[in-house]
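First comes the structure, then the notes that go with it.
What follows is calculated from the coordinates using simple rules that are stated; it is not laboratory data. These numbers were taken from a predicted model, which means no experiment stands behind them. Cβ coordinates were reconstructed from backbone atoms using ideal geometry, including for glycine residues, and neighbour counts include every protein chain displayed.
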Amino acid sequence: MKKALLVLFLTACSSGLFAQKTLWTTGNARTLAKGQQEFGIIQPFQIGITDKLEASFSPLAGLSLVPNVSFKYRYNSGPWLIATQHSYMMPSMLLHSMQDSLFTNIIKRDTLTFADSLRIPYVFTFRNQVLVTRKIGEETLITGKAGFEFSLKTKGDSLPPLTYPQFYLPSTTLNNKVVWFTGVRVDGNIINDYNYMAEVDFVSSGFDVAHWAIEHKGYFIWNKSVNFAALIGYKMSYGTYPNPGNNPISNQGRFFIFPVADLIWKLNIKREPAKDLFRVRQ
C-alpha cells in the first residue's frame, strides 16, 4: 500500500511538469488573463503575467524536491491560437534524496533509489513545446502539440534511468538524451456545468525511437462556480521499457492505468463567465 501511495504521489508531481492537467488553459494555447490565478491540490499554480504571458510552477513537485517553473506565451488571437511553452526543472535534489535512502523502507531499492557510491551530478532539465488550438463547434477546443525535452548536467556518473514505467521515459533525459513528443487534446462541454478532457500523446526516448510510449488521459470536470471546480479521471500508458530483471537490454511492453482527482480554485477572475468557453451558467 505504501508503495502504491508513493508511486501515485510522484506521478502527480511529474504530471504537473510533463503532462499538463489545468481545466481552462494548461494543455492548450489559451492563457490566463492578466492577474488571474488558478491552482489545485495537484495541478500547478498559474498566474497571468499579461493577457498573453502565463507563468506556473508546481508546489507539489517542489515539495518532492524538484524545483520547477514554466512560461507560456500566446502569439495571437482569433480562431487559431498559437503558443509556445518553456519549462525548467532541477531533479537532482530528488535524486540525492533517493540516494540517501529516503524511500528505502517504502519500495524496492532498485526501483527508485540509487547506489551510495554513485556520484550524482547537478541536473538541469528543459522542456519546450508548441501548442496550436482551434475552437470547433459551439463549446469544443481541439489542440495539437509537439515538443522536446533535454537535460544538462555537471560532472558525475551516468545515471541509471528509473525503471518504473511512469518515470522511465522522462528520466532518460538525465543522460542528455532528447525526449520528444507529439499529441492531440480535446476540451469540451458535456451538458450544463459538466465538461470533459481527452488527450493522446506519443512519447519517444531519442530520435531513433528506441523506447516509446502512448499515453492517454481522460477527465470529467464539474464547474461548481466560476471560482471552483473538481475533476476525476484516469491516465493510462502502454510502451516499451527496459526489463528491470536480469536482462536489462531486452524490452517488454507494459501497460498501466491509475486514477486522477483534483480540486481547482480560480482567483481574480477577469473574463466574464458567459463569454468563457467553460462558463458556469447562472
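Numbers below:
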| quantity | calculated |
| --- | --- |
| Which listed pairs, of Lys153/Lys266; Lys177/Lys266; Lys72/Lys177; Lys34/Lys153; Lys34/Lys177; Lys34/Lys224, have C-alpha distances above 30 Å, in listed order | Lys153/Lys266; Lys177/Lys266; Lys34/Lys153; Lys34/Lys177 |
| Fewest-first ranking of Arg119, Arg30, using other Cβ atoms within 10 Å as the exposure measure | Arg119, Arg30 |
